[in-house]
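Heads up: the structure comes next, in structure tokens.
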Amino acid sequence: MSSQTLYPKSVEVLKHVLSEKNYKDIEKYLHEYNGTADSVKPVAKYITIYWIGRVADRMILRTEGEDDIILSEVGGEAVPTIIFRKLKAVYLRDFMKLVRVQWSRHSESIKESIKNVYGDNYDFLTGCSIAVGIAGEEKGVLHGRCMKCPVDVLMGATSGEAKYNLVSRFVGDAAYALTPSFERRTGNSIDEVTHTTIMLTGGESEEVRRTGGLFSETFVEPGTLFVGKIVLPMISQPELVHVLWLLAHVKRIGARTSIQGTLEVYPVAMVGDLFEVGTAYEVAEKLRGKKNIEEVRRGILDYLNNEAKFVTSSSLVEFTPDVISKLRNINILEQNLMLELWSNAKRYVEGILKYIQAR
Ligand SMILES: [Zn+2]
């Protein structure tokens, strides 16, 4: 089976958005899930995407724990850093939201296409949630992941009940600021109000972390630019369509507990290879001090073309204004596109189950 037969709609959308030539170029680094044990074995296929983040207002990065380094040294200077986990949390939430809408609109046809694996009683809306249980809630009352839906299959999930874990195929580097524009503050909650305001800080228990006295914050100045990288190992055509759609839509991230303020995200370029291409850290080192977004965009393209790319790399696919506008116009609730995403997840799970049995 080929991607043409497994994902005809997704292939059509990718060709339209990226151009026929660009699609052909990255195609061999995309992966088909046909439901066999072999299809889920690791192979070297990576799509790497570079992006620029721009701070739109005064942004606060809060520390959550000891391993949560939010200042990194780049070229001898300490610069604000957004760890990938924080960025991923935003995309996970938005992908979940989108898939919920798809399910609500088309649950009958989705159920029809997945029931031989998930059974008749599978319900995504009640079966899968990323909502965190309220502290103090009894164990077992917490919401769980279904381990079957497109969100879990792409972004990764674990569950005590399933026989398998799902590895995230949405990974990446921390994003580094290009200028050391920050102010750091460590404080103590002084009154009843600040003491009970939820602040994610270091601490032994959830209770202490969420309401705790001591906290540390880093303020990042408006206009500060960040450079980041997303890596999609063994990604399939329908998954790529959805990730690109999310990247073109989730432009502002913020108003979360750990990132307050607004970060606008601009995808710059995408490249396929047998390896991840380059590192966000290296780009940040090269473009240190830059404050002009257009200059940074060109700098990333130069870095990829002249230094980071391998002989095996695809050509660079730029997110031009034309590509971005086509991405925004994808009808992401279109039934065939959505069925391809769901049946892909189903075949992925089928492959995992066969793989476990075969061992
Ligand atoms: Zn799920």
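Values as computed for the structure displayed
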quantity: Residues of region 112-121 classified as without any contact (Cβ under 8 Å) to a residue 40 or more places away in the chain and crowded, with 18+ Cβ neighbours inside 10 Å, total; calculated: 0
quantity: Subset of region 1-41 that is among the hydroxyl-bearing types (S, T, Y) and in contact (Cβ under 8 Å) with a residue 24 or more places away in the chain - its residue that is farthest from F319 (Cα to Cα); calculated: T36
quantity: Single match in F215, F219 (criterion: at pLDDT 70 or above, outside any helix (DSSP H, G or I) and out of contact with any helix residue (DSSP H, G or I) (no Cβ under 6 Å at 6 or more places or on another chain)); calculated: F219
quantity: Any chance F275 is closer than 17 Å to L30 by Cβ and out of contact with any Pro (no Cβ under 8 Å at 6 or more places or on another chain); calculated: yes
quantity: From the options S343, S325, S315, residue that is outside any strand (DSSP E or B), hydroxyl-bearing (S, T, Y) and more than 30 Å from K41 (Cα to Cα); calculated: S325
quantity: For K88: the one exception among (1) touching a strand residue (DSSP E or B) at 6+ places or on another chain (Cβ under 9 Å); (2) surrounded by fewer than 21 Cβ atoms within 10 Å (Cβ to Cβ); (3) under 21 Å from R184 (Cα atoms); calculated: (3)
quantity: Members of region 151-163 that are within 13 Å of the ligand (Cβ to nearest atom) and in a loop (DSSP other than H, G, I, E, B); calculated: G156, T158, S159, E161, A162
quantity: Test: T224 is more than 16 Å from the ligand (Cβ to nearest atom), more than 30 Å from V241 (Cα to Cα), at pLDDT 70 or above and surrounded by 16 or more Cβ atoms within 10 Å (Cβ to Cβ); calculated: no
quantity: Test result for R288, outside any loop (DSSP other than H, G, I, E, B) and either farther than 15 Å from Y50 by Cα or of a type in the set (K, R) (or both); calculated: no
quantity: Residue pairs meeting the criteria (Cβ under 8 Å; at least 6 apart or on separate chains; first touching a residue at least 60 places away in the same chain (Cβ under 8 Å) and more than 21 Å from T126 (Cα to Cα), in region 72-98; second in a helix (DSSP H, G or I) and of a type outside the set (D, E)); calculated: S72/Y281; V74/Y281; V74/A284; V79/A284; K88/M155
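The values are calculated or read from the model by the stated rules, or taken from the named source; none is laboratory data. All values reported here derive from a predicted model rather than from experimental measurement. Neighbour counts are summed over all protein chains in view; Cβ atoms, including those assigned to glycine, are modelled from backbone coordinates with ideal geometry.
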